[in-house]
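Peer 1: Have a look at this one.
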Amino acid sequence: MKRNMRNFNEKTMKFLFFIGGIGTILILLLICFFLLAETANFLKTYPIWDFLTGTEWKPDEASRKFGLLPLLAGTFITTFGAVLLAVPIGILSAVYIAELAGPKTAEILKPAVELLAGIPSVVLGFFGLVLLVPTFQSAFDLTTGQTALTGSIILAIMALPTIISVSEDAISSVPASLKQGSFALGSNHWQTIYKVTIPAALSGISAAVILGVGRAIGETMAVMMVTGNMAIIPWSEPFLSSVRTITATIALEMGEVAQGTEHYYALFTIGAVLFLLTIIINGIADAVKRKHHRGE
Amino acid sequence: MKKQGLQNIKNANKSFASVTILAALILISLIGAGCLGQETDNNVVVSGSTSILPLAQSLSEKYMEIHNETVISVKGGGSGTGIAELIDGSNDIAMASRKIKDTEVTNAQANGINPVEHMIAKDGIAVIVHPANPVKNLTLEQLQKIYSGEIRNWSEVGGNDEEIAAIARDSSSGTQEFFTEAVMGDVELRSDLITQSATGAVTQEVMQNQKAIGFINAAYQNANLKTIGLDVNGTVFMPTEENVLSEKYPLSRGLYLYTDANVKEQADEFIQYIFSTEGQKIVREMGYTAVQ
């Protein structure tokens, strides 16, 4: 009797876990299907070539231009800027926490980094809008301080926790024997860090960077508040010009768009583009991580 | 070893119990939701334009103080969303800062809904610049050229030799739609528009940027902003209440509520309240122009 009950419990639990696991995949498949269906609706009426090579995004009735390039440029510029800022700072602090800081300092630093990840993006955006935007406008004598650069700085702050904690893990998991070998050969601490520890942890650090990029590319609220949302391709001054990201465009225009119109489908289509970008980035991060594990 | 086995069974029982509790909770909330659904008779759902949202909220608060049997829930979403929800029957009253479109009327009728229009207030769009900007007035034509990109420097309209930072709202804003229709017509907006997601973001940027020009609901004008007068054939109009009501000020518009012709009694009473002396007093207090 008891055994039966136990068996029943076992089976029920297994089934519940199965539902949970399958459920997540089902949701993902549904979202994929939905995005693809809406994209197909858009491409039925709007030529795919015009979408992919269009340099203007003007959704109003008079213009009806849905060019992907300015939005893609905005997303790439802000993300690239964020990586340029966050990667050096992130790796330096990861090395410091993992290798140089005393246990007490590390104990304060690690939760502090995690706390940084907990700041709501809208708060960061507001901070950027009232502090960074006017400062940059007067510093660089710009038409507006709402630029790709302000967006990059905010995104860098948001990507830092990911980059720091993942690279710190990678650096900490470098076997002590490697470092001891380096010390035994007469290298000092600094030489050991940059000749042995960092190269040994490099694939982990790369994965951290790519995950940070993924974090930056999908961020919406803070970016929308500080980049000026200008749908242009800023050839001359990419970082000091206003730009508009894919995410900001969806958030800005979703509210009022009439269901079933070309504009509505266009927003889903750029959503699908963003989804594709994220899949590619996660794929790269996975591949790099796998290489890292093989390396061990 | 044996002890651990026992522990596992205990844990399994524990988690089984927690799953049961969870299932019970879900069941209870479902039943609860069902009960809520049945209460809709006294529940009036109002949704749509965010420009009308603050007005509708204070109107509904005052209304519910008198009629505590009715529950009015007001939410935003934008004029288009509000009308779309009226069409699919998920709200009782749609708020719109523009007139309903012909296509929307057709869609509604196909769904068995006959939209009825109620103009509850009037509202003006104020064109704003930084207080240090020497420009006082603009014609509609100059405004159009600034937003089409033909005029790019403040010196071309009598200001300092500085580039113009033209600020607009996102395409989902009713204010933006109204501005585009009234000022731009068929002329395309410039590509290098700074686009903001909220009125607050527009005022913030204009307050801190001497090169900026923007437009907002006239109710949001404040002392930190300079309102530009609009020049119509040599006469300058400011977005004052008088000029908005008479529509002498060129950027004036009506604010509308839409209901089905076969409207719920409670919703109809609420609309009548808005047109009452008391309701129109609230309209004035909120910075809009009353219609009665």
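Peer 1: What lysines sit close enough to A:K11 to cross-link, taking a C-alpha to C-alpha distance under 23 Å and skipping anything fewer than 8 places away on the same chain?
Peer 2: Result set, ordered by chain and number: A:K2, B:K2, B:K3, B:K10, B:K14.
Peer 1: I've got another one for you. Taking Cα centroids, how far is the stretch A:134-154 from the stretch B:47-99 in Å?
Peer 2: Here the answer is 38 Å between Cα centres.
Peer 1: Would you calculate the separation in nanometres between label points at A:W49 and A:A37, each defined as 7 Å from the Cα along the Cα-to-beta-carbon direction?
Peer 2: With each label point 7 Å from Cα toward Cβ, the separation is 3.1 nm.
Peer 1: Run the numbers for A:Q259 and A:S63: contour at 0.36 nm per residue of separation, minus the present Cα-Cα distance, in nm.
Peer 2: 68.7 nm
Peer 1: Label B:K248 and A:T135 with points 7 Å out from Cα along Cα→Cβ: what is the distance between them in nm?
Peer 2: 4.8
Peer 1: Please report the spacing between the Cα centers of the stretch A:1-43 and the stretch A:81-103 in Å, no decimals.
Peer 2: One Cα centre to the other: 39 Å.
Peer 1: On a 0 to 90 degree scale, rounded to 10, what angle separates helix B:199-208 from the longest Cα axis of chain B?
Peer 2: 50
Peer 1: Applying 1/(1 + (r/R0)^6) with R0 = 51 Å to the Cβ-Cβ distance of A:L28 and A:W190, what FRET efficiency is obtained, to the nearest 0.05?
Peer 2: The calculated FRET efficiency here is 0.65.
Peer 1: If you place +1 on the Cβ of every Lys and Arg, -1 on the Cβ of every Asp and Glu, and leave all else neutral, what size is the dipole of the protein assembly as shown about its Cα centre, to the nearest 20 Debye?
Peer 2: 3480
Peer 1: Sticking with this structure for a sec: Using the scaling law 2.2 N^0.38 Å as the reference, what is the normalised Cα Rg of chain B?
Peer 2: 1.33
Peer 1: Using a 10 Å cut-off around each Cβ, can you sort B:R152, A:R244, B:R190 from fewest to most neighbouring Cβ atoms?
Peer 2: Taking fewest neighbouring Cβ atoms as first place, the list is B:R152, B:R190, A:R244.
Peer 1: Given R₀ = 35 Å, what would the calculated FRET efficiency be for B:M119 paired with B:D186, taking r from the Cβ atoms and rounding to 0.05?
Peer 2: 0.85
Peer 1: Moving on to the next point. Got a sec to turn the phi values of the stretch A:88-99 into Karplus ³J(HN,Hα) couplings, 6.51 cos²θ - 1.76 cosθ + 1.60 with θ = phi - 60°, whole Hz, x for Gly and Pro?
Peer 2: My calculation for the stretch A:88-99 gives x, 4, x, 5, 4, 6, 5, 4, 4, 5, 7, 10 Hz in order.
Peer 1: Further, regarding this structure: With an 8 Å Cα cut-off and a minimum separation of 6 or more residues, compute the relative contact order for chain B in percent.
Peer 2: Relative contact order of chain B: 24 percent.
Peer 1: When Cβ neighbours within 10 Å are restricted to other protein chains, what is their mean count per residue of peptide B:183-191?
Peer 2: If you average over the peptide's residues, the count of other-chain Cβ atoms is 4.
Peer 1: Now for a different question. Using every pair of alpha-carbon atoms in chain A, split the distances into 5 Å bins beginning at 0 and state the percent of pairs per bin, rounded to integers.
Peer 2: That works out to 1, 5, 9, 12, 13, 13, 12, 10, 8, 6, 5, 3, 2, 1, 0, 0, 0, in percent per bin.
Peer 1: Name the most mobile residue of A:G54, A:G23, A:G218, meaning the one with the largest mean-square fluctuation, in a Gaussian network model of chain A with Cα contacts below 10 Å.
Peer 2: Between A:G54, A:G23, A:G218, it is A:G23 that shows the largest mean-square fluctuation.
Peer 1: So what is the 222 nm mean residue ellipticity for the protein assembly as shown from helices alone, if each DSSP H run of at least 4 adds -39500 (n - 2.57) and you divide by all residues, rounding to the nearest 500 deg cm²/dmol?
Peer 2: The per-residue figure over the protein assembly as shown is -18500 deg cm²/dmol.
Peer 1: Taking Cα pairs under 8 Å and at least six residues apart, what relative contact order does the stretch A:57-295 come out at, in percent?
Peer 2: Taking the mean separation of contacting Cα pairs over the length of the stretch A:57-295, I get 28 percent.
Peer 1: With the Cα gyration tensor of the stretch A:2-45 in hand, give its eigenvalues times 5 under a square root as the equivalent ellipsoid semi-axes, listed largest first in whole angstrom.
Peer 2: They are 42, 5, 4 Å, listed from largest to smallest.
Peer 1: Taking chain A as a Gaussian network, Cα atoms linked when under 10 Å apart, which of A:Y46, A:Y265, A:Y194 shows the biggest mean-square fluctuation?
Peer 2: Evaluated over chain A, the most mobile residue of the options is A:Y194.
Peer 1: To continue, here is another question. Please arrange B:I120, B:I128, A:I163 by how many other C-beta atoms lie within 10 Å of their C-beta, fewest to most.
Peer 2: Ranking B:I120, B:I128, A:I163 by Cβ neighbours within 10 Å, fewest first, gives B:I120, B:I128, A:I163.
Peer 1: Whole angstrom only: what separates the Cα centroid of the stretch A:172-240 from the Cα centroid of the stretch B:190-224?
Peer 2: 37
Peer 1: So what does the Cα-only Debye profile of the stretch A:167-296 read at q = 0.13 Å⁻¹, as log10 I(q)/I(0), no solvent term?
Peer 2: Each listed q corresponds, in turn, to -0.73.
Peer 1: Follow-up question, since we're still on this one. So for the pair B:Q272, A:E56, with labels modelled 7 Å out along Cα→Cβ, what separation do we get in nm?
Peer 2: Taking the two extended label points, one gets 5.2 nm.
Peer 1: Take the alpha carbon atoms of the protein assembly as shown, find their radius of gyration, then divide it by 2.2 N^0.38 Å using N residues; give the quotient.
Peer 2: Compared with the compact-globule rule of thumb, the protein assembly as shown sits at 1.17.
Peer 1: Tell me, what does the Kirkwood hydrodynamic radius of the stretch B:123-252 come to in angstroms if you use every pair of distinct C-alpha atoms?
Peer 2: Taking every pair of different Cα atoms in the stretch B:123-252, averaging 1/r and inverting gives 14.4 Å.
Peer 1: If you build a Gaussian network model of chain A, linking Cα atoms that sit under 10 Å apart, which residue out of A:A208, A:A159, A:A139 swings the most?
Peer 2: Residue with maximal mean-square fluctuation among A:A208, A:A159, A:A139: A:A139.
Peer 1: Taking the beta-carbon count within 10 Å as an exposure proxy, list B:R253, A:R64, B:R98 from fewest neighbours to most.
Peer 2: A:R64, B:R98, B:R253
Each value in this text was obtained by applying a stated rule to the coordinates, not by laboratory testing. These figures come from a predicted structure and were not determined experimentally. All Cβ positions, glycine included, derive from the backbone under ideal geometry; neighbour counts span all protein chains shown.
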